[in-house]
Every structure is written in structure tokens, then in C-alpha cells.
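Presented below is the structure to which this report refers.
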Amino acid sequence: MTYQLYLGDYSYSSWSLRGWLLLHRWGLPMDITFVDFSEASVAQQMQAIPPARTVPTLVTPEGSVIWDSLAMAEELASRHPDAQIWPVDPAARATARSLVAEMHSGFTALRSECPMNLRAAYSDYAPPPEVLADLSRIDLIWSYSRNRHGAGGPWLCGTYSAADAFFAPVAMRIAGYGLPVSPEAQAYVQAHLTDPALRQWRAMGLERGSDLPQYARTHSRRPWPGDTASGSDAAESLDL
Ligand SMILES: N[C@@H](CCC(=O)N[C@@H](CS)C(=O)NCC(=O)O)C(=O)O
């Protein structure tokens, strides 16, 4: 009953992070195939499992190929209803689905201006107006969800759900680029920064894969939030 999960470079592939969280966070068994962004194109490296051409891609135990993160969330939730990948409460579930759908199709300015890079944090990045507009919308929908459904914990619907897996890479961008958000949103970002699953993912990225220049920006650098000059917080979670 093991899933095959194709993932891109851990430090840079935000969609792969979402896909991995959807299995790891709910303890679903997986074997990982690492698609190295410094080698041939992703599509070329995935020729064995058509029609997939991006990461993450999931192959189910019986051989179905699921080549999109949102489809993975839906299919895994259907196959594992007891895991509660979506919130059980119908009102919270409706919000979580809206959050995931908007993340999956939106925030293009933030995504293109601030690519996820878990190897670098910047101290002097000044976001342009279109990124600020995305951040303002993110702040609004996070606050909407936290106010209505967040009483039971630090996550968007209280307990961890697919919505948090989808916004984890956004939280990493806010942390890494030092983007301006409300104190409530900052607390939510902090929940991701201290999430053992996220720390494990980041540690895997520091250990495996290359420093890819196409994701680096020329802004001044500072240590990753939570890391000290003497060591990486993430490294502890792998005993590096
Ligand atoms: N809509 C897709 C997006 C996946 C995606 O764009 N993945 C990127 C890596 S983060 C990729 O595989 N890029 C390689 C390419 O487009 O050639 C999903 O939700 O899974």
C-alpha cells in the first residue's frame, strides 16, 4: 500500500513541498523519487510515468498517475477518510477548500517575484505593489479562517488540514523574504517555521540537491529565521 511520490528539489519546489506534506503529515506510506532540477528537464526525467510532466506527481499503489497537487489532496482525502485531510466540520471544510483553490490558482505576483528558496533569507527586500496586494489578500483570508475556525490550534482551521499544506510555501516566502503581514499572520508563519514536518523538509533540502542560481536573488542575506550563525535549526531535525 505504498505510494510512489515524485518530488522536485526540496529547497525550491513549492508544489513538491505541498505534495510531500499531504502524505507525510498524515503518515501515508511513500517511496520518493527525487527529480533533480540541476539535471535534464522535469518532463524528461518523468517520461516513465506519462502523462505527468511536473512535480509533485503521485503514483497510487495500483498504478494511477496523479499529476497535480490539488488532485492529490482530493484523491488522498477520498482514499483515507479517517485521516481527515480536510476538516471534518462542514463549515471549516468549505473554507479550507476555498483557501486551497485560491492558493492553487492565484497569488501569481508573489509566486513569480519571490520564488521559494529555503536556502536563503533576505534582509532588504522591498516588495512591489502587486506583491503587497497578494499579501493583503492572503492576510485577509487567513484571518477570516482563523477567526471562524481556528480556535482549536494554530492552523487555519484549528487542526492541520490540506489548507495548511497548501499555504506552507507561502509562509516560507513571508519568512525568507521578510514580507510585511499582520501580527496574526506572522504567528501563523511562525507555526510553520516550528512545524517538525517543515523543519524536516528544509533539512532534507540542505542535505540533498544543489544551490541553484536561478532561484537566488541579489538582496542582502541574513540567517534563516530560527537558525543561528553556529548552526541550522533544521539540521537538528535530521541530526546533521
Ligand atoms: N499545478 C501543478 C503545478 C506543479 C508545478 O508547476 N511544479 C513545478 C515545480 S515546483 C514543475 O514541475 N516545474 C517543471 C516544469 O514546469 O517544467 C500542481 O499543482 O502540482
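The values are calculated or read from the model by the stated rules, or taken from the named source; none is laboratory data. Remember, it's a predicted structure, so these values are computed and weren't measured experimentally. No Cβ is skipped: glycine too gets one built from the backbone with ideal geometry, and neighbour counts run over all protein chains shown. Please note that ligands, DNA and RNA were not included when accessible areas were found on the heavy atoms of the full protein model with its side chains. Shrake-Rupley method; radii C 1.70, N 1.55, O 1.52, S 1.80 Å.
Structure summary
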{"quantity": "Any chance residue 71 is within 11 Å of the ligand (Cβ to nearest atom), without any contact (Cβ under 8 Å) to a residue 12 or more places away in the chain, surrounded by fewer than 18 Cβ atoms within 10 Å (Cβ to Cβ) and under 19 Å from the mean Cα position of the chain (by Cα)", "calculated": "yes"}
{"quantity": "Residue in region 119-137 that is crowded, with 17+ Cβ neighbours inside 10 Å, within 25 Å of residue 87 (Cα to Cα) and free of Cβ contacts under 8 Å to residues at least 12 places away in the same chain present", "calculated": "no"}
{"quantity": "Entirely in region 124-222, the helices (runs of 4 or more DSSP H) that have 3 or more residues that are out of contact with any strand residue (DSSP E or B) (no Cβ under 6 Å at 6 or more places or on another chain) and under 27 Å from residue 38 (Cβ atoms)", "calculated": "162-177, 196-207"}
{"quantity": "Of all residues making up region 21-30, the number that are in a helix (DSSP H, G or I), more than 13 Å from the ligand (Cβ to nearest atom) and within 20 Å of residue 193 (Cβ to Cβ)", "calculated": "1"}
{"quantity": "The listed residue being more than 13 Å from the ligand (Cβ to nearest atom) and assigned to a helix (DSSP H, G or I), out of 18, 97", "calculated": "97"}
{"quantity": "The one condition in (1) within 16 Å of the ligand (Cβ to nearest atom); (2) in contact (Cβ under 8 Å) with a residue 60 or more places away in the chain; (3) part of a loop (DSSP other than H, G, I, E, B) that residue 1 fails to fulfil", "calculated": "(1)"}
{"quantity": "Checklist (1) within 15 Å of the ligand (Cβ to nearest atom); (2) more than 20 Å from the chain's Cα centre (by Cα); (3) modelled with pLDDT of 95 or more; (4) not acidic (Asp, Glu) applied to residue 60, failing item", "calculated": "(1)"}
{"quantity": "Matching entry among 48, 40 (being within 12 Å of the ligand (Cβ to nearest atom), in a loop (DSSP other than H, G, I, E, B), of a type in the set (Gly, Ala, Ser) and open to solvent by 40 Å² or more (accessible area, probe 1.4 Å))", "calculated": "40"}
{"quantity": "Single residue of region 4-15 satisfying the filter (over 12 Å from the mean Cα position of the chain (by Cα) and open to solvent by 10 Å² or more (accessible area, probe 1.4 Å)) that is farthest from the ligand (Cβ to nearest atom)", "calculated": "4"}
